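Working notes, structure below.
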Amino acid sequence: MEDSGIEIGAATPISKTIEILEQEARSKSCPNGSVVFRKLADHMSKVATPFVRNTASIGGNIILAQKYPFPSDIATILLGAASTVRLQVYSETLEVTLEEFLEQPPSDPSTLLLSIFIPHWASDSQKESKVIFETYRAAPRPLGNAVSYINSAMLGHVSLNESSGDLVLSNLHMAFGAYGTKHAIRATKVEQHLNGKVLTPFVVLEAVRLLRETIVPIEGTSHAEYRVSVAVAFLFSFLSPFAKGIKGPGKTPSIGSASSLDTDDPCNLPLSSRRETISSDDQKPVGEPIKKYAVELQASGEAVYVDDIPAPKNCLYGEFIYSTQPLAYVKNIKFKPSLATEKVLTVVSAKDIPSGGQNIGSSFMFGDEPLFGSPVAEYAGQALGVVIAETQRYANLAGKHVVVEYDTKDLKPPILTVEQAVQNNSYFEVPPGKYPKQVGDFSKGMAQADHKILSTEVKLASQYYFYMETQTALAVPDEDNTIVVYSSSQYPELAQNVIARCLGIPFSNVRVITRRVGGGFGGKAFRSFTVATAAALCAFKLRRPVRMYLNRSTDMIMIGGRHPIKAYYTVGFKSNGRITALHLDILINAGISPDASPLMPDTMMSGLKKYNWGALSFDIKVCKTNTTSKSVMRAPGDTQGSFIAEAIIEHVASVLSLDANVVRQKNFHTYDSLVLFYPESAGEASTYTLHSIFNRLLTTSSYLHRAESIKHFNNRNKWRKRGISCAPLIFKVSPRPAPGRVSVLNDGSIVVEVGGVEVGQGLWTKVQQMTVFALGQLWPDGSECLLDRVRLLQADTLNLIQGGLTAGSTSSESSCAATLEACNMLVDRLKPVMKKLRQQSAGAVSWDALIAQPLRIMLICPQVHTGYLLKNRAPI
């Protein structure tokens, strides 16, 4: 350190550099100029992560910024602080400004960066000037671990003009970087324009114009207009505290009172908008932002998922053998000679299913799906058997060396498309109660139309789930003909059902445990049963634990995904865009088994009816094909229905040369039409606010401005195009019943069990909040202290029965409702004890004091179930 500044070695870690800057900012050697060092340190603390800052050097960052188009924050803020660098070029030592160094050609191996020098910037007491310094960054995560969209640093002196009494700036250094440039630059034209001038609105506007000329992102930079606008915002933020005409009435500019000169406070900028939230403590901590349950375990990688469970002793590993042919007899399965196949212990197939068991791998209310294709493989991707080896690697390698002999003699050609399904009349039946009702008279609606679009085709392909954790299960045989299966499943209850039926044993002999799921999107609902059942069958036969974990390729081939559709629409509409009638012919490719596909017509129409079509008629076929069974996936049916609706709206807008949003708004429901299209779920008229919400969204999102900007971009770019859309959505939620149980242990800790599965959606966190809220009825002043005492237990089909399906965006609410009921039982039991203790102590009673009493009451409630009559499971 020197009196004139700080020299930092190039190899100094960024974290150590931060320490040096903070130490110098606290020292008395430069009390008025410490703002520069303090704000440099604060900004560097937002660069990358602690691990990176501890490892990376300050010089390495600058060299990267000099040699490559590296969006460095550090280079920009050091440039703004007027830093210099010391270089060793062969035997010569040079000192140049950081600006000169960045503008040089990329450094070669003969150039060595030795150090960086950051000068002291002291206030001038004779001229009554003070140092001002600000750094800025705009990034997806402003507090770090994200590359900036743009960054900036601005430094200078502010002093009082004696003749006018206004504040003026001098010695300005303004640096900008990461906006789509090769390296950070100084805005010298802006500096020269502002130096020594009173900041009138005209001076500031000219500075903005000059800055826009300076900040020009290179061709191909993403969000170029946004980055330029943020640079202008940074400049305005820096200048506004000193600009004439911005201060409030009656305030005289002075060096001492200027808020930005106070190095401990940020600039007080004028409010451009205001939002006031009035909170209520009545339901705390429900609805409050709290730390996610078990977030430390997930962030550190210590959270245990199924594949993280340590392998039990003598554990074996399985890999599916699946068909590569649709609709073919399986004549023989053999292996190519290899080291991996020598490690194969056995192959488990349909012939190994126990007596009394069934060849079942999945099931739902509309039917079952076989575990193995035997003797006919009905589709490519169907399981034919499981290779068992002593390691997962050998099992996977052996699976690649399988040779399956097929025979298609006496078999019809496979049905692979919906067109072929129509030709062969291959459909799944949709129960009458699940087929949606048509609306209005299509013929009358078409008669009212000014324009018509006839029999136009629209398609939507399938979509893979792409969860982070692929399908996995660990099956462990236990005593007395029982088995424990750890499954990554959204539906452990039905997994228990399928496994028990496959093995031919009572449901009570099968225990399915799911602690947490590494992503589901519906793919772990019914499609997880195949892996869990196969692992259970292998373990049951071999009497040894068996683990299965599908690699990504096998998972994509076997598991299926979203239903692909093909639709033809005929639509009539007025010249103003108002649609009067719509007819649809829709073909849904369900794959080989019904799964949940018969529900698709109803959910598709629910999503499609978001617009008032005047009259709506349709014919929907659920096609059975020799392809992988399709299943529920993130708003199943609603997504396809909404896609068809938007395709029609866009087509009508194109025919009429109207903006699509004009056509959308023309066909928004009135409350009367909403009741007609959604007779059972329209709600009250006061709750239907789509029109106002849509208009507000267009305003708050600057939709029109952004659309115009995109249009301009598309006109200038032949091969790259952008788009923007604003569309309404309707998603019908169906509350599902769920069980719950709450127990209090002798030390006051609380154990909660619910049927809902934690799939990353925060279900456990909401249940934790509900538990604390419900038990907090004993403490009107709040009970947040109980948050850390709540432990959520994994789903266990023998511990908490009828857990149900975690899906449809309502499982958290159902689980919370069950938790509330269970807690209310405990509160009713504890209230008399609490009342007695309060009378004795004449004051507040803690949770520990309450539980420490020799209670003669049960602090465990029986299983509470929301929404079931346990005999017939009918909703109540």
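The values are calculated or read from the model by the stated rules, or taken from the named source; none is laboratory data. Every value quoted in this text rests on a predicted model; they were computed, and no experiment measured them. As a convention, Cβ positions derive from the backbone with ideal geometry for all residues, glycine included, and neighbour counts pool all protein chains shown.
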**OP:** Of the numbered conditions (1) in contact with a helix residue (DSSP H, G or I) (Cβ under 9 Å, 6 or more places away or on another chain); (2) among the aliphatic types (A, V, I, L, M); (3) part of a helix (DSSP H, G or I); (4) closer than 28 Å to residue 716 by Cβ, residue 216 fails exactly one; give the number of that condition.
**Re:** (3)
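Matching residues to (1) within 18 Å of residue 567 (Cα to Cα); (2) of a type in the set (Lys, Arg); (3) part of a helix (DSSP H, G or I):
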{"residue": "617", "(1), (2), (3)": "yes, no, no"}
{"residue": "622", "(1), (2), (3)": "yes, no, no"}
{"residue": "627", "(1), (2), (3)": "no, no, no"}
{"residue": "633", "(1), (2), (3)": "no, no, no"}
{"residue": "640", "(1), (2), (3)": "yes, no, yes"}
{"residue": "644", "(1), (2), (3)": "yes, no, yes"}
{"residue": "647", "(1), (2), (3)": "yes, no, yes"}
{"residue": "650", "(1), (2), (3)": "yes, no, yes"}
{"residue": "655", "(1), (2), (3)": "no, no, yes"}
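Table: residues versus (1) in a loop (DSSP other than H, G, I, E, B); (2) at pLDDT 70 or above; (3) surrounded by 13 or more Cβ atoms within 10 Å (Cβ to Cβ); (4) more than 34 Å from the chain's Cα centre (by Cα).
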residue	(1), (2), (3), (4)
280	yes, no, no, no
297	no, yes, no, no
320	no, yes, yes, no
326	yes, yes, yes, yes
329	no, yes, yes, yes
334	no, yes, no, yes
Subject >> Scope segment 657-670; condition among the β-branched types (Val, Ile, Thr) and part of a loop (DSSP other than H, G, I, E, B); matching residues >> reply: 670
Original post:
Restricting attention to segment 357-398, which residues are crowded, with 23+ Cβ neighbours inside 10 Å and either touching a Cys at 6+ places or on another chain (Cβ under 9 Å) or over 30 Å from residue 493 (Cβ atoms) (or both)?
Top reply: 361, 371, 386, 388, 389, 398
**OP:** Return the residue satisfying two criteria in turn: it lies in segment 198-221 and is at pLDDT 90 or above and among the hydroxyl-bearing types (Ser, Thr, Tyr), and of such residues it is nearest to the chain's Cα centre (by Cα).
**Re:** 221
Original post:
Condition test on residue 346, is it in contact with a helix residue (DSSP H, G or I) (Cβ under 8 Å, 6 or more places away or on another chain) and assigned to a helix (DSSP H, G or I)?
Top reply: no
Subject >> Hey, residue 552 at pLDDT 95 or above, of a type in the set (D, E, K, R) and over 30 Å from residue 324 (Cβ atoms) or not >> reply: no
Subject >> Within segment 571-614, tally of residues that are basic (Lys, Arg) and either within 17 Å of residue 561 (Cβ to Cβ) or in contact with a Lys or Arg (Cβ under 8 Å, 6 or more places away or on another chain) (or both) >> reply: 1
**OP:** Would you please list the contacts, defined by Cβ atoms under 6 Å and residues six or more apart or on different chains, that run from a residue in segment 441-453 that is of a type in the set (Lys, Arg) to a residue that is buried (at least 17 other Cβ atoms within 10 Å of the Cβ)?
**Re:** 452/572
Original post:
Across segment 55-99, what is the total count of residues that are closer than 18 Å to residue 186 by Cα, in a strand (DSSP E or B) and either out of contact with any Asp or Glu (no Cβ under 7 Å at 6 or more places or on another chain) or not β-branched (Val, Ile, Thr) (or both)?
Top reply: 3
Subject >> All positions within segment 222-259 that are closer than 24 Å to residue 191 by Cβ, small (Gly, Ala, Ser) and modelled with pLDDT of 65 or more >> reply: 224, 229, 231, 233, 237, 240, 243
Original post:
Which ones in segment 105-140 are outside any strand (DSSP E or B) and more than 21 Å from residue 65 (Cα to Cα)?
Top reply: 120, 121, 122, 123, 125, 126, 127, 128
**OP:** Could you tell me whether segment 686-696 includes any residue that is of a type in the set (Val, Ile, Thr), outside the structural domain of residue 614 (by TED's automatic domain parsing) and modelled with pLDDT of 90 or more?
**Re:** no
Original post:
Given the structure, is residue 823 in contact with a Leu (Cβ under 7 Å, 6 or more places away or on another chain), surrounded by 13 or more Cβ atoms within 10 Å (Cβ to Cβ) and either at pLDDT 90 or above or on the phi > 0 side of the Ramachandran plot (or both)?
Top reply: yes
**OP:** Report yes if residue 776 is touching a Lys or Arg at 6+ places or on another chain (Cβ under 6 Å) and farther than 14 Å from residue 292 by Cα, otherwise no.
**Re:** no
Original post:
Looking at residue 444, is it within 30 Å of residue 573 (Cα to Cα), among the charged types (D, E, K, R), at pLDDT 95 or above and outside any strand (DSSP E or B)?
Top reply: yes
Original post:
Pick from 697, 690, 674: which is of a type outside the set (Phe, Trp, Tyr) and over 26 Å from the mean Cα position of the chain (by Cα)?
Top reply: 674
Subject >> Filter result for the condition that a residue is within 15 Å of residue 796 (Cα to Cα) and part of a loop (DSSP other than H, G, I, E, B), over 508, 462, 489 >> reply: 489
**OP:** Those residues that are surrounded by 17 or more Cβ atoms within 10 Å (Cβ to Cβ) and not small (Gly, Ala, Ser), I need them from segment 428-452; list them, please.
**Re:** 428, 430, 436, 439, 442, 446
Original post:
Would it be correct to say that residue 74 is over 25 Å from residue 217 (Cβ atoms) and surrounded by 23 or more Cβ atoms within 10 Å (Cβ to Cβ)?
Top reply: no
Original post:
In the list 50, 71, 13, which residue meets the criterion of being modelled with pLDDT of 95 or more, assigned by TED's automatic domain parsing to the domain that holds residue 188 and within 35 Å of the chain's Cα centre (by Cα)?
Top reply: 13
Original post:
So, of the residues in segment 299-318 that are among the aliphatic types (A, V, I, L, M) and closer than 25 Å to residue 384 by Cα, which turns out to be surrounded by the fewest Cβ atoms within 10 Å (Cβ to Cβ)?
Top reply: 316
Subject >> Any hit, segment 672-679, residues being crowded, with 20+ Cβ neighbours inside 10 Å, out of contact with any helix residue (DSSP H, G or I) (no Cβ under 8 Å at 6 or more places or on another chain) and not assigned by TED's automatic domain parsing to the domain that holds residue 807 >> reply: yes
**OP:** Return yes when residue 482 is of a type in the set (Ser, Thr, Tyr), free of Cβ contacts under 8 Å to residues at least 40 places away in the same chain and either in the same structural domain as residue 624 (by TED's automatic domain parsing) or closer than 28 Å to residue 539 by Cα (or both) and no when it is not.
**Re:** yes
Original post:
Before we move on, is residue 227 basic (Lys, Arg), over 19 Å from residue 80 (Cα atoms) and not in a strand (DSSP E or B)?
Top reply: no
